[in-house]
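Before any comments, here is the structure.
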Amino acid sequence: MQKKVTNICCIGAGYVGGPTMAVLAQKCPHIKVTVVDLNKQRIADWNDEDLNKLPVYEPGLDAVVAEARGRNLFFSTDVDKAIDEAQMIFISVNTPTKTYGVGKGMAADLKYIELCARQIASIAKDDKIIIEKSTLPVRTAQAIRTILDSTGSGVNFQVLSSPEFLAEGTAVTDLQDPDRVLIGGDTDEAGQEAIQALVEVYENWVKREQIITTRVWSSELSKLTANAFLAQRVSSINAISALCEKTEADVDEVAGAIGMDTRIGAKFLKSSVGFGGSCFQKDILNLVYLCHHFGLPEVADYWEQVVIMNDYQKHRFGKVIMDKLFNTVSGKKIAFLGWAFKKDTNDTRESASIYVADQLLQDRAEIHVYDPKVTKEQIFADLEYLQTHRVGRYVEKGELMDMEEIRSLVTVHTDAYSAMESAHAVAVMTEWDEFKSYDWQKVFDAMLKPAFVFDGRNILDKAQLENMGFDVFNIGKG
């Protein structure tokens, strides 16, 4: 019989591991929770007395960390010690899309998962429950189990899948009051005992009827499928937005009308410059790769089209900016409001801003960026990464630019008004609420004329801006 869990370790202190373990520690004060990472600076930031320096920005996260840290929540670089002491180990490391070798551009890179499994296998002296928290392709649990069971140490391991279903910007709320918790494991007695041990942890704050237990393969596939379905809705409404612009329809009106159909629902029907984040594109491409691997090319093509449409939407937005600015942006100042992939997060992974900026930089535009939570260092790191890899339907077609030249063309501001001063155009790239409350008359007076606004998130009042004299472009509005 599985002992009550009193000590948990999480490998990986990033966007998933940090917030997930912070809420778990808050809700389970009787369980010691240690989050470990080899990145010394990241751990130092999690331990900083100044909660504004937490490496992950999520509304409400600072209060959760303040409550639990030092009581039963600990952040450490001593990975071996945490693994040794824990009864239950969450693996929450990065699983990026491969940029090399077999599966390049589609398959998940599992090298960090494998390293975790090997490290656990080499250190464990007693039975452990291992939980996949990272989003992984189907049957990864089998690979982890094979590594763990090959040690010959006599330690018994159970591998569970419990994927996260977090929306960045509302992660704390999603963790504290989840729609559901999914746990997948083996169907034998030992597997069911391991599942029950994790169920009992979640039951400290989640109702039992909201905890779904499945076979491990179903759990792994459910995560990929959920993200694929959500991304599909975004790409679907974005496809219609292009048609709306040609027919003088309004995409918001169309979305409102179809969203009232209870069979469709209103969520994820907001047209924009395109989806980003760490999950949607990566998980769909992973799904595409799996379908090809299992000999299902038609299914692969179906899901790949979701990503193709998203790439097209970002490229189309950049092309509109070019076209409206008289077919050239060379030497012109374009102000980007927002760099994060969505509001209320400092996560920039796969942000539309990166790709639109790259497109405009190809024509030597001068990009001026303001984002309330994203650092200058992160913005340049994103642009450098894109130059290094240049993976993507439209990105690959562009020329490789020297980072010195990019740094001469991109300026990062700590004040939005300075970013927009003397600009030829403003591009709203992230739906931060503060952008709606700016003194747009002041912005207009300080811009070059004609003054263009390209609202990539449809958050501004178009009629009001046009009355001030702006030339406004909204996605999906003819």
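The values are calculated or read from the model by the stated rules, or taken from the named source; none is laboratory data. Nothing here was measured: the structure is a model prediction, and the numbers come from that model. Cβ atoms come from the backbone with ideal geometry, glycine included; neighbour counts cover every protein chain shown.
Considering (1) surrounded by 17 or more Cβ atoms within 10 Å (Cβ to Cβ); (2) under 19 Å from the mean Cα position of the chain (by Cα); (3) small (Gly, Ala, Ser); (4) part of a helix (DSSP H, G or I), say which one GLY392 fails and leave the rest.
GLY392 satisfies every listed condition except (4).
If I filter region 18-74 down to residues being part of a strand (DSSP E or B) and charged (D, E, K, R), which single residue comes out as nearest to LYS373 (Cα to Cα)?
ARG69
Checking the condition more than 15 Å from SER218 (Cα to Cα), among the small types (Gly, Ala, Ser) and crowded, with 16+ Cβ neighbours inside 10 Å, which residue from ALA141, ALA124 passes?
One residue alone meets the criteria, ALA124.
Any idea how many residues of region 96-130 are at pLDDT 80 or above, among the β-branched types (Val, Ile, Thr) and under 23 Å from the mean Cα position of the chain (by Cα)?
Qualifying residue count, region 96-130: 1.
If you take the residues of region 211-260 that are among the acidic types (Asp, Glu) and buried (at least 16 other Cβ atoms within 10 Å of the Cβ), which of them is nearest to ASP311 (Cα to Cα)?
The residue in question is GLU245.
Those residues that are buried (at least 20 other Cβ atoms within 10 Å of the Cβ) and either assigned to a loop (DSSP other than H, G, I, E, B) or touching a Pro at 6+ places or on another chain (Cβ under 9 Å) (or both), I need them from region 1-13; list them, please.
Hits for region 1-13 are GLY12, ALA13.
Tell me yes or no: at least one residue of region 191-201 is surrounded by 15 or more Cβ atoms within 10 Å (Cβ to Cβ) and in contact with a Phe, Trp or Tyr (Cβ under 8 Å, 6 or more places away or on another chain).
No: zero hits.
Here is a list: GLY18, GLY12. Which entry is out of contact with any strand residue (DSSP E or B) (no Cβ under 6 Å at 6 or more places or on another chain), at pLDDT 95 or above and on the phi > 0 side of the Ramachandran plot?
After applying the criteria, what remains is GLY12.
Which residues, counting only those in region 430-446, are touching a residue at least 24 places away in the same chain (Cβ under 8 Å) and in a loop (DSSP other than H, G, I, E, B)?
Scanning region 430-446 gives THR430, GLU431, TRP432.
Regarding GLU168, is this residue part of a helix (DSSP H, G or I) and of a type in the set (Asp, Glu)?
No; evaluated as a whole, the condition is false for this residue.
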